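Everything on this sheet refers to the single structure shown next.
The values are calculated or read from the model by the stated rules, or taken from the named source; none is laboratory data. All figures in this text were calculated on a predicted structure; none of them were measured in a lab. Positions of Cβ are backbone-derived with ideal geometry, glycine not excepted, and every protein chain shown enters the neighbour counts. Quick note on the areas: whole protein, heavy atoms, side chains included, nothing else; ligands and nucleic acids left out. Shrake-Rupley method; radii C 1.70, N 1.55, O 1.52, S 1.80 Å.
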Amino acid sequence: MAYRKTPAELRRLEAAREHLIARATSVVAEVGWAQASVTAVADAAGIAAGSVYQHFPSKAALAVEVFRRAAGREVEVLGEVLRAPGDPVERLARGVEVFARRALENPGLAHALLAAPAEPAVGAERLAFRRRYHALFAEVVREGVAAGTLPEQNGAITAAALTGAVGEVLVDPLGAPGSASADALLAELTALALRCAGAP
């Protein structure tokens, strides 16, 4: 009969895996993808490097999980803001502000998610998540057009432009935290987003 892990063993394994992901996320936020070696992550988690492979088959697999968790949370928060009740233009402005503010509050992780050099597997995830951001922005732009608060336009194209612009504007400030006033940057970025969508 094949050995089956007990519920207590499974819980311990899951807790160890979650701890490893949390520590890996902290390491990536501190040093970026390139320097987040298996050894560095294992040291941060207080385990032997070989133990990492009990949970993930490769460094790339761990990196992808870190990216999915962190980026997934940002998509979730943005979705909550953009899909909240109220005027679509106000939700668009609020969504851009919330996204950018969260990035500026955790610049190391945000830079890793948006722009830092990474393995191809993480790059593929980055593209997949950009599509999710596109979809959220496109949805609120289309609502604005339908409500008459935004001019006629191709919501998908505007959403792609917004996603690219927000990320590009944030790259330099995230790479050099404290180099600019966060409030001024947020105001400019929000205004840019509204101009891009054609808000009056």
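Looking at (1) of a type in the set (A, V, I, L, M, F, W, C); (2) modelled with pLDDT of 95 or more; (3) open to solvent by 40 Å² or more (accessible area, probe 1.4 Å), which one does A180 not meet, given that it meets all the others? It is condition (2) that A180 fails. Looking at the range 76-88, which of the residues that are in a helix (DSSP H, G or I) and either closer than 18 Å to E30 by Cβ or among the charged types (D, E, K, R) (or both) is nearest to the chain's Cα centre (by Cα)? By that ranking, first place goes to E76. Summed over the range 151-163, the residues that are surrounded by 14 or more Cβ atoms within 10 Å (Cβ to Cβ) and out of contact with any helix residue (DSSP H, G or I) (no Cβ under 6 Å at 6 or more places or on another chain) give a count of 1. From the list R73, R91, pick out the single residue that is open to solvent by 30 Å² or more (accessible area, probe 1.4 Å) and either assigned to a helix (DSSP H, G or I) or not hydroxyl-bearing (S, T, Y) (or both). Criteria check complete, one pass: R73. Residue count for the range 117-150 satisfying the condition of being open to solvent by less than 60 Å² (accessible area, probe 1.4 Å) and under 13 Å from P88 (Cβ atoms): 9. Within the range 56-70, being open to solvent by 40 Å² or more (accessible area, probe 1.4 Å) and either in a loop (DSSP other than H, G, I, E, B) or among the hydrophobic types (A, V, I, L, M, F, W, C) (or both) holds for P57, S58. Residues of the range 11-51 being open to solvent by less than 70 Å² (accessible area, probe 1.4 Å) and of a type in the set (S, T, N, Q), which ones? Residues satisfying the conditions are T25, S26, S37, S51. Scoring A100 on the criteria (1) loosely packed, with under 15 Cβ neighbours inside 10 Å; (2) closer than 30 Å to V145 by Cβ; (3) small (G, A, S) leaves a single failure, condition (1).
Residue by residue, here is whether (1) farther than 30 Å from P200 by Cα; (2) touching a residue at least 12 places away in the same chain (Cβ under 8 Å); (3) out of contact with any strand residue (DSSP E or B) (no Cβ under 6 Å at 6 or more places or on another chain); (4) not aliphatic (A, V, I, L, M) holds:
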{"site": "W33", "(1), (2), (3), (4)": "yes, yes, yes, yes"}
{"site": "V38", "(1), (2), (3), (4)": "yes, yes, yes, no"}
{"site": "V52", "(1), (2), (3), (4)": "yes, yes, yes, no"}
{"site": "V66", "(1), (2), (3), (4)": "yes, yes, yes, no"}
{"site": "E80", "(1), (2), (3), (4)": "no, no, yes, yes"}
{"site": "A84", "(1), (2), (3), (4)": "no, no, yes, no"}
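Looking across the range 165-187, the residues that are in contact (Cβ under 8 Å) with a residue 12 or more places away in the chain and part of a helix (DSSP H, G or I) come down to A165, V166, G167, V169, L170, V171, P173, L174, G175, A182, L185, L186.
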